[in-house]
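Report on the structure given below.
Each value in this text was obtained by applying a stated rule to the coordinates, not by laboratory testing. As the structure is a computational prediction, the values presented were derived from the model and not from experiment. Methodologically, a virtual Cβ is constructed for each residue, glycine included, from the backbone with ideal geometry; neighbour enumeration extends over all protein chains shown.
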Amino acid sequence: MADKYVNVALPKGRLGEAAYDIFEKSGYACPEIHEPNRKLIFESVHNRVRYFWVKPSDVAIYVEKGAADIGIAGKDILLEYSPDVYELCDLHMGKCRMAVAAKRDFKDNPDTALRVATKFPNIAKHYYAEKSREIEIIKLNGSIELAPLLGLSDVIVDIVETGKTLLENNLVPCETVAPVSARLISNKVSYKFKNSEITQICKKISSICKDKSND
Ligand code: PRP
């Protein structure tokens, strides 16, 4: 019987392009993807694979609901939304961390609720619950660094990659909440019914990503 197609959700942007390169090196090339166009679905009949470009924060939804069999999602998204998917391997790319940051002169007052601005309310709630610290979440959708500068919050919980955004806005990282990197995830039903295809992809990708991390 011919191999089944595997549907792959890739995060649009730099991380997704780097992730596609790994698929290509693993033997799942789809040359059409390199053509300059705005198509969102690409298919290789030869390699029995179909790629979708999706918004990075939506990859886990496509995979959880089975619209894609597998996908590449940041650990930040997996921690925030706890999608019902299998996390198959760490690609050791897109590395950054989830951190707490504040103005240099910020002094925490344990008698009042800490005002936390973030795009990741579940991660922040979980982090401070573990410390039994009372907080007030201020949910924002971007430019989180502005919040403490304008007095909207005391601290932020956000992604820090190079640290440049914090530095240029006179904020300092105070605590690391979690390391973040790109993960290969799978839909649970697909993992059962396309097991040989998915485990094969996972094996090849893991070996390439392992090599990369040893460079
Ligand atoms: C992310 C994050 C920080 C910045 C960190 O923002 O929210 O603002 O990158 O990167 P750095 O440590 O290398 O400076 P993003 O580009 O996703 O924009 P947004 O959060 O404002 O939407």
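Annotations for the structure displayed:
- Translational D in µm²/s for the chain (Stokes-Einstein at 25 °C, 0.890 mPa s, Kirkwood Rh from C-alpha pairs): 131 µm²/s
- Inter-part distance where the range 150-215 and the range 44-63 are each reduced to a Cα centre, Å: 18 Å
- Footprinting exposure proxy ranking of ARG38, ARG48, fewest other C-beta atoms within 10 angstrom first, gives ARG38, ARG48.
- For the range 139-205, the alpha-carbon radius of gyration amounts to 1.76 times the rule-of-thumb value 2.2 N^0.38 Å expected for a compact globular protein.
- Net length available on complete extension from HIS126 to ASP111 is 3.4 nm, with 0.36 nm assigned per residue and the Cα-Cα distance removed.
- Between the listed residues SER132, ALA182, ASN122, the Cα displaced farthest toward the positive end of the dipole of the chain, a dipole computed from Cβ unit charges relative to the Cα centre, is found at ALA182.
- Taking 0.36 nm per residue of sequence separation and removing the Cα-Cα distance, the ASN195/VAL45 pair yields an extension gain of 52.1 nm.
- The spread of Cα positions in the range 96-180, taken along each principal axis and listed from longest to shortest, comes to 31, 26, 21 Å.
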